[in-house]
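Single-structure report; data block below.
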Amino acid sequence: MCSDDSFFSFKGEKRGRRAFYRGSQEEKYEDGIKWKFLEHKGPYFPPEYQTLPDDVKFYYNGKPVKLSLPAEEVALFFAQMMDHEYTTKEVFRNNFFRDWRKEMTLEERQLIMDLNKCDFGELHAMHKQKVEARKNLSKEEKLVNKEANQKIVDEYGYCVLDHHRERIGNFKIEPPGLFRGRGDHPKQGMLKKRIQPEDAIINCSKDSRIPEPPAGHRWKEVRHDNTVTWLASWTENVQGSCKYVMLNANSKLKGEKDWEKYEVARKLKTCVDAIRAQYQEDLKSKQMGTRQRAVALYFIDKLALRAGNEKEEGETADTVGCCSLRVEHITLHDTLDGQKCVVEFDFLGKDCIRYYNKVPVIKRVFKNLKLFMENKQGGDDLFDRLNTQLLNKHLSSLMPGLTAKVFRTYNASITLQQQLKELLKENVAEKLLSYNRANRAVAILCNHQRAPPKTFEQSMANLQAKIDSRKEQLDLAKKELKQAKKEAKGSSDNKLLIVVEKKKKAVQRCEEQLLKMEVQATDREENKQIALSTSKLNYLDPRISVAWCKNMEVQLDKIYNKTLRDKFAWAIDMTEHDFVF
DNA sequence: CGTCATACTTAGCAGGGAAGCC
DNA sequence: GGCTTCCCTGCTAAGTATGACG
């Protein structure tokens, strides 16, 4: 459907892909090779557990019990979380208690049989005290800590990859603790064990200085695999999944990958019409599987749903994406609020964020959905003949590199571009508001939510109070101006004329400040439950924003903070004002 | 051909510090 | 200059996607 012509050199781009390969030795490697040289110091391990002071005691059944070191460490994990709601949850407590008992000695295990008889009060109090003490450190003490941290970053936070010194993203091994899943996670409260060097695999060049394991330890393995980008990995015990130490987003390798992602999405732009025509056609297919695929694709395209891989039941919270939708997640309405063929979605997506939406769909989709739901229970798969592998196989046959998630990237970026075109404004504050509105339209499309800030109501009220007082001030300033004009009228006294000018300026300044605050209030209110940062970071082609800033004469740092400017350095470097996504 | 493992991107949240406010 | 607010950064969980394996 779409040819595989290279996507180099687009309008509005100073250079194409070559921008990443300045210098003669920096040509792109053969397929799958990620680097030729990689050197680093290995991951940084968290400090060992320090036993409790003698005066801080754990009590069981009212009696003080001196716990063994491993049991004590895990007890403290629980004690530290006691202000949090999930230590009251049944699943959390049970998982914790089961794993805690595994760390106990035989005697401890025989004694400590009931979590409800455990008193962590002193441990909890000690923790709170420590937090408080840390907060109250003097400026100098804080500076000392900061410098110590910086030393760790300097030593472990960088690697050398093909002649470039690069920042590592997460060079610290995750410390042990109690697993906190999102939503109703069946494994919440389980013990996330301490990782030892013996658990860690190191990846680096053969000819590099191999990182030294901490004294008295050895690595699980040292390998030299240049088809992957990670520097170290370990297996996490709660879910049994692999964790990786990887480069920072501002690295060349990550930037290149990011650029490629957006190029694939731009490629989709050139053939999305044909793909849409195709799935419209497929809605009529005689093959049930093809029709299901077409409906799923319709959702993914129109609603920016995620692909929806299968998940192992009981291992994670019950969340779904498009392909894994169940009958119980949608309700069909022949008519609703004056609209025809409305599908009501209600399901938990990634991170247990609720997706709730009422969407009118085309008739053929509606009829197919009715068919798919026939003779099924709520818990049955809506698309029983479809999974993400089948879907992606189909997509990659339509366009090289096309997968389900590309639609999210494409629709997010194209939405931003369109919205920015429509929302044209005069002054900088308003321009930024319209940028945020465009950003918000994308965040809504992608269902990027956040918990309303805890202090939201209060800070909103504070802002409103400020607006009110500024209004009063403005009224006053206007009156004064009027008065000054009156006095100056007919007079040629220069002093009076100067006063008039002064008052004019004051009114103007007041008006500007008022407008700024009102814009801020609107922006904040509209943003209450919406997270803009996720789409900015992951879905919006940065070249759109860079070009917009150039055209609007808005400083880039008004929309991108330092981290984002670093991450998108490639886009800042290559984008001209006439860039079109 | 389904299942599992692997690698990498996407996600929201907490805590701390810098910026903004009076 | 002290206080509050809010933004940034780090953290790590939770997705997507694909290739190996039996």
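Here, each number is a calculation from the coordinates, and none is a lab measurement. Treat the numbers as computed from the prediction; the structure is a model and nothing was measured. Cβ: placed from backbone, ideal geometry, glycine included. Neighbour counts: every protein chain shown.
Fully extended, how many nm does the chain gain between A:D337 and A:Q555 (0.36 nm per residue separation, minus their Cα-Cα distance)? Write down the numbers at each step before the final one.
Working: separation 218, 0.36 × 218 = 78.48 nm, distance 4.41 nm.
Once the chain is fully extended between A:D337 and A:Q555, it gains 74.1 nm.
Going down the table (A:K252/A:K567; A:K482/A:K516; A:K269/A:K340), which pairs top 19 Å between alpha carbons?
Working: A:K252/A:K567 9 Å; A:K482/A:K516 24 Å; A:K269/A:K340 29 Å.
As for pairs spanning more than 19 Å Cα to Cα, those are A:K482/A:K516; A:K269/A:K340.
Relative contact order for chain A: what is it in percent, counting Cα pairs under 8 Å that are at least 6 residues apart?
Values: 807 pairs, mean separation 82.4, N = 581.
It rounds to 14 percent for chain A.
Long-range amide H contacts for A:T575: which residues qualify at under 5 Å (H placed 1.01 Å from N, peptide plane, sequence gap of 5 or more or a different chain)?
A:K14
Can you flag which of A:K367/A:K393; A:K370/A:K528; A:K243/A:K302 are past 27 Å Cα-Cα?
A:K370/A:K528; A:K243/A:K302
Quick one: which residues, 5 or more positions from A:Y355 or on another chain, have an amide H under 5 Å from its amide H? H modelled 1.01 Å from N in the peptide plane, none for Pro or chain starts.
For A:Y355, the qualifying residues are A:F347, A:L348, A:G349.
If we sort A:451-459, A:233-241 on the protection proxy, mean other Cβ atoms within 10 Å, highest first, what's the order? Mind dumping the intermediate values first?
Details: A:451-459: 11.1, A:233-241: 15.3.
Top of the packing list down: A:233-241, A:451-459.
Taking the mean number of other Cβ atoms within 10 Å as a proxy for protection, how do you rank A:475-488, A:300-313, A:533-546 from highest to lowest?
Values: A:475-488: 14.9, A:300-313: 17.9, A:533-546: 22.0.
So the order, starting with the most tightly packed, is A:533-546, A:300-313, A:475-488.
Can you work out ³J(HN,Hα) from phi for every residue in segment A:386-395, in order, using Karplus 6.51 cos²θ - 1.76 cosθ + 1.60 and θ = phi - 60°, giving whole Hz and x for Gly and Pro?
Per residue, the Karplus-derived 3J(HN,Hα) values read 9, 9, 5, 5, 4, 4, 5, 4, 4, 4 Hz.
Take the alpha carbon gyration tensor of chain A, find the square roots of its eigenvalues, order them as a ≥ b ≥ c, and report rounded if a/c is under 1.5; if not, report prolate when a/b exceeds b/c, else oblate. List each step's numbers first, then the result.
On the way: a/c = 1.44, a/b = 1.17, b/c = 1.23.
Cα axes put chain A in the rounded bin.
Could you run the Karplus curve 6.51 cos²θ - 1.76 cosθ + 1.60 with θ = phi - 60° over segment A:197-202 and give me ³J(HN,Hα) per residue in whole Hz, x for Gly and Pro?
With the stated coefficients, segment A:197-202 comes to x, 5, 9, 9, 9, 9 Hz.
I need the peptides A:46-54, A:564-572, A:439-447, A:120-128 ranked by packing, meaning the mean over residues of other C-beta atoms within 10 angstrom, with the highest value on top.
Details: A:46-54: 11.0, A:564-572: 19.4, A:439-447: 21.2, A:120-128: 17.3.
Top of the packing list down: A:439-447, A:564-572, A:120-128, A:46-54.
Please compute the length gained on full extension between A:E90 and A:K206, using 0.36 nm multiplied by the number of residues separating them and subtracting their Cα-Cα distance. Intermediate results must be reported in sequence, preceding the final value.
Values: separation 116, 0.36 × 116 = 41.76 nm, distance 4.98 nm.
Answer, rounded to one decimal: 36.8 nm.
Can you work out the Karplus-derived ³J(HN,Hα) for every residue in segment A:536-542? Use 6.51 cos²θ - 1.76 cosθ + 1.60 with θ = phi - 60°, whole Hz, and x for glycine or proline.
Result, rounded to whole Hz: 4, 7, 10, 10, 9, 3, x.
Give me the number: length gained by fully extending A:A451 to A:K363, i.e. 0.36 nm times residue separation minus the C-alpha to C-alpha distance, one decimal in nm. Could you put the intermediate results ahead of the total?
On the way: separation 88, 0.36 × 88 = 31.68 nm, distance 3.59 nm.
Additional length available on full extension: 28.1 nm.
Among A:N427, A:L496, A:S469, flag the residue with its Cα farthest along the positive direction of the charge dipole of segment A:423-548, charges on Cβ as +1 for Lys/Arg and -1 for Asp/Glu.
Farthest towards the positive pole: A:L496.
Counting pairs of alpha carbon atoms under 8 Å apart in space and at least six apart in sequence, what relative contact order in percent does segment A:412-574 give? Before the final figure, lay out each step's value.
On the way: 125 pairs, mean separation 55.9, N = 163.
Taking the mean separation of contacting Cα pairs over the length of segment A:412-574, I get 34 percent.
Which of A:Q196, A:G255, A:F345 sits closest to the plus end of the dipole of segment A:188-347, meaning its Cα is farthest towards the positive end, when Lys and Arg get +1 and Asp and Glu get -1 on the C-beta?
Positive-end residue among those listed: A:G255.
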